[in-house]
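Rule-based calculations on the coordinates, nothing more; no lab input. Bear in mind the structure is a predicted one, so any value in this text is a computation, not a measurement. Don't worry about glycine lacking a Cβ; one is built from the backbone with ideal geometry, like all the others, and counts go over all protein chains shown.
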Ligand code: CO8
């Protein structure tokens, strides 16, 4: 399959996936979702890739949501299947063992905001706008927004965004914890690459375990989550990287992690 709607570039261990449908504000058609799934699977198989950045083509939209023209005549059964396809893909992105950063270069609306929500870190251009406008279309978020937005920013702010369908700017998004940082549009990708480099200077196994502890722990009670942390913390002590990291510190050297 030729990936014309999703671009993939890999440089210095960092993969950048760009949703490339700028004339339609990078809206997520079925084809976009299919091609994204293929590209994410390729990224997952590539040992050379240590971090992933997801962004949108052009300077207007990150992703302006699911494709409304493709949804307008859907039956309830088709809508269910569409939502399940997207949930599976988004779950796959969320569970990648490498850091995933959303570089939000413009509108991140509906399924686009939900795509940003499955990333570990979100950096927005100062011109970006975020929101869950589904309610204005007579539907609710269907790619995880009701669940992930409320877990990230709390029930009150999630209610406000989802029930009004209104958009917020990048600074407001940062003030409620929806984005981690705001950058000038022309520096957005550099900011995402810098963040990725800072993370991947650490050991790949510790990154993987930390992500897993946070992600899975959030689905558990505090007691269960702490027990789960004990398991993953213990696993760290079966790795060479733990030895490398601690000895490097004690010898006042920079560690060269092996991912073993
Ligand atoms: N789907 C399809 N086409 C879109 C979408 C979209 N989500 N967003 C923009 N476009 C198209 C426009 O129709 C227009 O096409 P054309 O040039 O052929 O008329 C083109 O992109 C440019 O858009 P605008 O002219 O509207 O550009 P503006 O700069 O005036 O506005 C906005 C930009 C604010 C982004 C505006 O386009 C907009 O509001 N878009 C819709 C945003 C939206 O409502 N998103 C939520 C969609 S629903 C969703 O994501 C649900 C996910 C879960 C679904 C579960 C399914 C079962």
Over all directions, the average projected area of the alpha-carbon convex hull for region 56-106 comes to how many nm²? 4.4
Hey, what angle do you get for helix 30-45 against the long axis of the chain, alpha-carbon based, 0 to 90 degrees rounded to 10? 0
Go ahead and collect, in residue order, the members of region 219-256 whose backbone nitrogen is under 20 Å from a label point 7 Å along the Cα-Cβ direction of residue 44. 219
Using a Debye calculation, one point per C-alpha and no hydration shell, please list log10 I(q)/I(0) for region 206-252 at q = 0.31, 0.33 Å⁻¹ in order. -1.05, -1.11
Order of 71, 25, 220 from fewest to most other C-beta atoms within 10 Å? 220, 71, 25
A correct fewest-to-most ranking of 209, 228, 107, 90 by other Cβ atoms within 10 Å would be 228, 209, 90, 107
Can you give the extra length, in nm with one decimal, that the chain gains between residue 75 and residue 11 once fully stretched, where that is 0.36 nm per residue apart less the Cα-Cα distance? 18.8 nm
Rounded FRET efficiency, nearest 0.05, which uses the C-beta distance separating residue 85 from residue 251 and R0 of 51 Å: 0.50
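Would you compute, from DSSP H runs of 4+ residues alone, the mean residue ellipticity of the chain at 222 nm, taking -39500 (n - 2.57) per run and dividing by the full residue count, rounded to the nearest 500?
On the way: 11 runs with 124 residues, N = 260.
That comes out to -14500 deg cm²/dmol.
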Order by neighbour count: 258, 155, fewest other Cβ atoms within 10 Å first, most last. 155, 258
Please quote Rg/Rh for the chain to two decimal places, taking the Kirkwood radius as Rh and restricting both calculations to Cα atoms. 0.98
